Amino acid sequence: MDRIPILKMGRFLLVTIQVDMHDRLALALQDDLTARITETGARGVLIDISALEMVDSFIGRMIANIASMARILDAETVVTGMQPAVAITLVELGLDLPGVRTALTVERGMRLLRSVLRAAGELEEPSDADDEGSDAGPAE
Amino acid sequence: MPVQRSDALPIRNASDVVAVRQLVRTRAQEAGFNLVDQTRIVTAASELARNTLDYGGGGRATVQVLTETGRTGLRMLFEDEGPGIPDIELALRDGYTTGHGLGLGLGGARRLMNDLRIESQPGKGTRVDTVRWR
Ligand SMILES: Nc1ncnc2c1ncn2[C@@H]1O[C@H](COP(=O)(O)OP(=O)(O)OP(=O)(O)O)[C@@H](O)[C@H]1O
Ligand SMILES: [Mg+2]
């Protein structure tokens, strides 16, 4: 069975969901991520769903499960790039994602994760200046 | 109600649920639904197809494009020969599940579509008939 790749970036794990996942693939991702957090001691998980055209109760539950498992393992979860139509549908479906932070883009999601670590006094870099700079224009 | 087009797909495994979502997306696009409506319909299809698989033991989906004077609809029919639903009102209630779900599928699908009817006979099977109009 194929699996969704998990990238390690510093102290964070990054997952980009690019396919219309069938249920077994979603369950495998949940297990793989939990294992990787334990192995690597990662402090944050970023799940980019900008390519997902639909989030139903199953995928919603998978995301919520990942977030609570990550929390137990002392890692923060952020979901990025949710399409507006998906967000509207999720609300109508009646699904809320407790404990899941969201951000519009991967860049903002990474910044959010870093700020959580910084607030916990675990990130040495004193300021976020270069991140902030990337908001100012296309210069990056 | 004239049926413009009708397709049937089996639901026997998790990949079939993906195939149903994709067929429904294509038909909803062709029928001219906007992106939010397409997403609503595809999400409802996913919930109902998964129920057919998980609780009905598999079955089939029929997807139809309907035209009526001045309006177009997308109709989806999910049928199985599984154990049936003993109490339909209860099954529709948010949070009610006999499995490991959130109990949102049926109630959520009803909110995402314009009309949703369930017929079920214990021991004989279940049929969910639903439509959304444009
Ligand atoms: N086709 C079916 N055959 C038999 N029982 C069904 C069928 N569809 C739904 N049910 C029953 O109705 C209940 C509610 O279904 P619903 O889809 O709302 O929630 P769920 O599938 O349990 O959880 P979720 O959809 O949130 O993952 C199910 O737990 C099951 O008992
Ligand atoms: Mg369900």
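The values are calculated or read from the model by the stated rules, or taken from the named source; none is laboratory data. Bear in mind the structure is a predicted one, so any value in this text is a computation, not a measurement. Note that we place each Cβ from the backbone using ideal geometry, even for glycine, and neighbour counts take in every protein chain shown. When the accessible area is computed, the model is the full protein with side chains, heavy atoms only, and any ligands, DNA or RNA have been set aside. Shrake-Rupley method; radii C 1.70, N 1.55, O 1.52, S 1.80 Å.
Result for chain A in a Gaussian network model with C-alpha springs under 10 Å: among A:L14, A:L25, A:L46, the largest mean-square fluctuation is at A:L25.
Here the accessible area is traced with a 1.4 Å probe on the protein chains. For the protein assembly as shown, carbon and sulfur cover 51 percent of it.
Give the Debye-formula value of log10 I(q)/I(0) at each listed q (0.10, 0.12, 0.13, 0.17 Å⁻¹), with one equal scatterer per alpha carbon of segment B:3-133, two decimals each. Results for segment B:3-133 at q = 0.10, 0.12, 0.13, 0.17 Å⁻¹ read -0.28, -0.41, -0.48, -0.83.
The accessible-area loss of segment B:92-134 on complex formation, taken against its chain alone with a 1.4 Å probe, reaches 30 Å² or more at B:L102, B:L104, B:R111, B:L112. Interface area, chains A and B: about 1900 Å² of buried accessible surface, summed, with a 1.4 Å probe and ligands, DNA and RNA left out. Relative contact order of segment A:6-120: 26 percent, from C-alpha pairs under 8 Å at least 6 residues apart in sequence. Rounded to 0.05, the FRET efficiency of the A:E107 and B:S6 pair, given R0 = 51 Å and the Cβ-Cβ distance, is 0.65. For segment A:6-120, the spread of Cα coordinates along the three principal axes comes to 35, 27, 22 Å, biggest extent given first.
The coefficient of translational diffusion for the protein assembly as shown, derived via Stokes-Einstein from the alpha carbon Kirkwood radius under 25 °C and 0.890 mPa s, stands at 122 µm²/s.
To the nearest 10 degrees, how steeply does helix B:14-30 sit against the main Cα axis of chain B, on a 0 to 90 scale? Tilt relative to chain B: about 30 degrees. Hey, how many Å between the Cα centroid of segment B:55-70 and the Cα centroid of segment A:54-111? Taking the Cα centre of each part, segment B:55-70 and segment A:54-111 sit 30 Å apart. Taking a Cβ cut-off of under 10 Å around B:G125, the surrounding Lys, Arg, Asp and Glu residues balance to a net charge of -2, with basic ones at +1 and acidic ones at -1.
Given contacts defined as C-alpha pairs under 8 Å and at least six residues apart, what's the relative contact order of segment B:3-133, whole-number percent? Over segment B:3-133, the number comes to 26 percent. Please give the residues from segment B:46-80 for which the solvent-accessible area of heavy atoms, probe 1.4 Å, is smaller by at least 50 Å² with all protein chains in place than with the chain isolated. By number: B:E47, B:R50. About its Cα centre, chain A has a charge dipole of approximately 380 debye under the convention of +1 per Lys or Arg Cβ and -1 per Asp or Glu Cβ, with nothing else charged.
Per residue, the accessible area of segment A:6-120 comes to 42 Å² when a 1.4 Å probe rolls over the protein heavy atoms.
Between the listed residues B:A14, B:T52, A:M21, the Cα displaced farthest toward the positive end of the dipole of the protein assembly as shown, a dipole computed from Cβ unit charges relative to the Cα centre, is found at B:T52.
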